[in-house]
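Single-structure report; data block below.
The values are calculated or read from the model by the stated rules, or taken from the named source; none is laboratory data. Treat the numbers as computed from the prediction; the structure is a model and nothing was measured. For neighbour counting, all protein chains shown are included, and Cβ atoms are generated from backbone atoms with ideal geometry for every residue, glycine included.
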There are 2 protein chains.
Amino acid sequence: MSAVEDAPNARENEQRARIVATAERLFREIGFQKTTVADIARELRMSPANVYRFFGSKSEIHMAVARQLMGEVEAAAERLASGPGPAAERLRTLVLASEAMNAERYLADRKLHEMVEAALNEHWPLIDDHIDRLDAIYERIIASGMESGEFAKGDAKLASKLVRTACVRFCHPHLMVEFAHRPHPTSAEMVDFCLTALRAGVGS
Amino acid sequence: MSAVEDAPNARENEQRARIVATAERLFREIGFQKTTVADIARELRMSPANVYRFFGSKSEIHMAVARQLMGEVEAAAERLASGPGPAAERLRTLVLASEAMNAERYLADRKLHEMVEAALNEHWPLIDDHIDRLDAIYERIIASGMESGEFAKGDAKLASKLVRTACVRFCHPHLMVEFAHRPHPTSAEMVDFCLTALRAGVGS
């Protein structure tokens, strides 16, 4: 494709990105329920009709904001998974970094949490895709540890789901809020527990 | 105390139990939000004023129903923990039975789930007490397995919190609903994972 053909698309993508970024900011500042499409348009000095050219409804903007937040977590997880170092250390860093990123997003920012709760309650396929992507990242680390002999040989796919599920209390926005006042066990203790099982052998 | 002194108390307890049982039934049939104290009184052919002699508000009835449901789960868990057999088998049965009891209560019965969500969202101390009681039951089984040599010696209190937390997806009403369409990993696979870690040694 030539740059000339690309240009309108690039402008459209830029507009979409600006709408999503503004919506995310308003969801944080005003709250998800209270923010309207008109509010988003006003911040961007656009007409609401122009916003609706890009997103059919507030719900579509909501999904785009959520996708972006989840995409940031996935990108950070990808970087950690592909980094150097033993599999055990990468797994530990992945769980602790996911917890820290989600805490920053959903615990510190209760207004953003409201947006997440709405998404979880609607059982979006987007969330399943996010979990599948995280499982794949966990699997990559665990498979490399099984390969290198750090972990016992076994079913890396099953092991990845087990570790991600065992750590759900530290990464799931709903549980992070619900158990914020119960700090034990810590995520570091849970990672050690999972590593013990991985070294001894899972699904082999 | 003589039977004569006891009698008024026994009658009061019976009245309270009838109110709680009727409220639970209406929460299941009509739903938690829609059930009023007047509905409960009508079912019992009592005046609402009489119900209020026992419970100051619908919220107090709600707590009594929740306490009863959680008490049933705790009583079943106690029986399993105190039963015969290896610690690994008791732990497996405990997790699977908790999952089955909660599935029957909160998945099959979405109206009852509404009641539980309300309780969880209000962060009742009752729920913390319930988790503490479950932790103590897990600890008893794990300590006996460490004692008998089935599990490696270690910190039974920490291990009990780790196992209960690793299995939260299978016992927490909110996650059971949210992940009902994602059956993997199964609770049996998670128990195997935890047992592998316990045999290898936790917090030692």
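Could you check segment B:41-67 and list, in sequence order, the residues that are assigned to a loop (DSSP other than H, G, I, E, B) and farther than 12 Å from B:LEU26 by Cα?
B:ARG45, B:MET46, B:SER47, B:PHE55, B:GLY56, B:SER57
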(message) Quick check on A:GLU117: is it of a type outside the set (Gly, Ala, Ser), over 24 Å from B:ALA159 (Cβ atoms) and within 13 Å of chain B (Cβ to nearest Cβ)?
(response) yes
(message) Suppose we keep only residues that are more than 24 Å from the chain's Cα centre (by Cα), facing chain A (nearest Cβ under 9 Å) and not in a helix (DSSP H, G or I) within segment B:182-204. Which one would you say is surrounded by the most Cβ atoms within 10 Å (Cβ to Cβ)?
(response) B:VAL202
(message) Of the residues A:GLU104, A:GLU122, A:GLU117, A:GLU147, only one is modelled with pLDDT of 95 or more and of a type outside the set (Gly, Ala, Ser); which?
(response) A:GLU147
(message) Within segment B:24-38, take every residue that is in a helix (DSSP H, G or I) and touching a Lys or Arg at 6+ places or on another chain (Cβ under 6 Å) and give me the one that is modelled with the lowest pLDDT.
(response) B:ARG28
(message) Filter segment B:17-40 down to the residues that are surrounded by 15 or more Cβ atoms within 10 Å (Cβ to Cβ) and under 12 Å from B:ARG110 (Cα atoms) and list them by number.
(response) B:PHE27, B:ARG28, B:GLY31, B:PHE32
(request) Report yes if A:ARG79 is of a type in the set (Lys, Arg), under 17 Å from A:ALA21 (Cα atoms) and either at pLDDT 90 or above or buried (at least 17 other Cβ atoms within 10 Å of the Cβ) (or both), otherwise no. (result) no
(message) I'd like to know if segment A:79-93 contains one or more residues that are among the hydrophobic types (A, V, I, L, M, F, W, C), closer than 27 Å to B:HIS174 by Cα and either assigned to a helix (DSSP H, G or I) or not assigned by TED's automatic domain parsing to the domain that holds A:LEU175 (or both).
(response) yes
(request) Of the numbered conditions (1) within 13 Å of chain A (Cβ to nearest Cβ); (2) in contact with a Lys or Arg (Cβ under 9 Å, 6 or more places away or on another chain); (3) within 21 Å of B:ALA23 (Cβ to Cβ), B:ASP109 fails exactly one; give the number of that condition. (result) (1)
(message) Against the conditions (1) at the interface with another protein chain (Cβ under 7 Å from one of its Cβ atoms); (2) farther than 19 Å from B:ARG105 by Cα; (3) touching a residue at least 40 places away in the same chain (Cβ under 8 Å); (4) not acidic (Asp, Glu), where does B:HIS174 fall short? Just the number, please.
(response) (2)
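Within segment B:151-169, take every residue that is closer than 25 Å to A:ASP132 by Cβ and either among the aliphatic types (A, V, I, L, M) or more than 9 Å from chain A (Cβ to nearest Cβ) (or both) and give me the one that is surrounded by the most Cβ atoms within 10 Å (Cβ to Cβ).
Per the criteria, the residue is B:ALA166.
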(request) Quickly run through segment A:154-171 and pick out the residues that are in contact (Cβ under 8 Å) with a residue 24 or more places away in the chain and part of a helix (DSSP H, G or I). (result) A:LEU158, A:ALA159, A:SER160, A:LYS161, A:LEU162, A:VAL163, A:ARG164, A:ALA166, A:PHE170, A:CYS171
(message) Given the options B:VAL95, B:VAL20, B:VAL4, name the one that is at pLDDT 90 or above and farther than 30 Å from B:VAL191 by Cα.
(response) B:VAL20
(request) Looking only at segment A:132-139, decide whether some residue is under 22 Å from B:ALA188 (Cβ atoms), facing chain B (nearest Cβ under 10 Å) and not in a helix (DSSP H, G or I). (result) no
(message) Tell me whether segment A:178-187 contains one or more residues that are of a type in the set (A, V, I, L, M) and at pLDDT 95 or above.
(response) no
(request) Have a look at B:ARG90, B:ARG67, B:ARG28, B:ARG79 and point out the one that is closer than 30 Å to B:ILE141 by Cβ, charged (D, E, K, R) and over 16 Å from the mean Cα position of the chain (by Cα). (result) B:ARG90
(request) Assess whether B:ALA119 counts as being assigned to a helix (DSSP H, G or I) and more than 22 Å from B:VAL163 (Cα to Cα). (result) yes
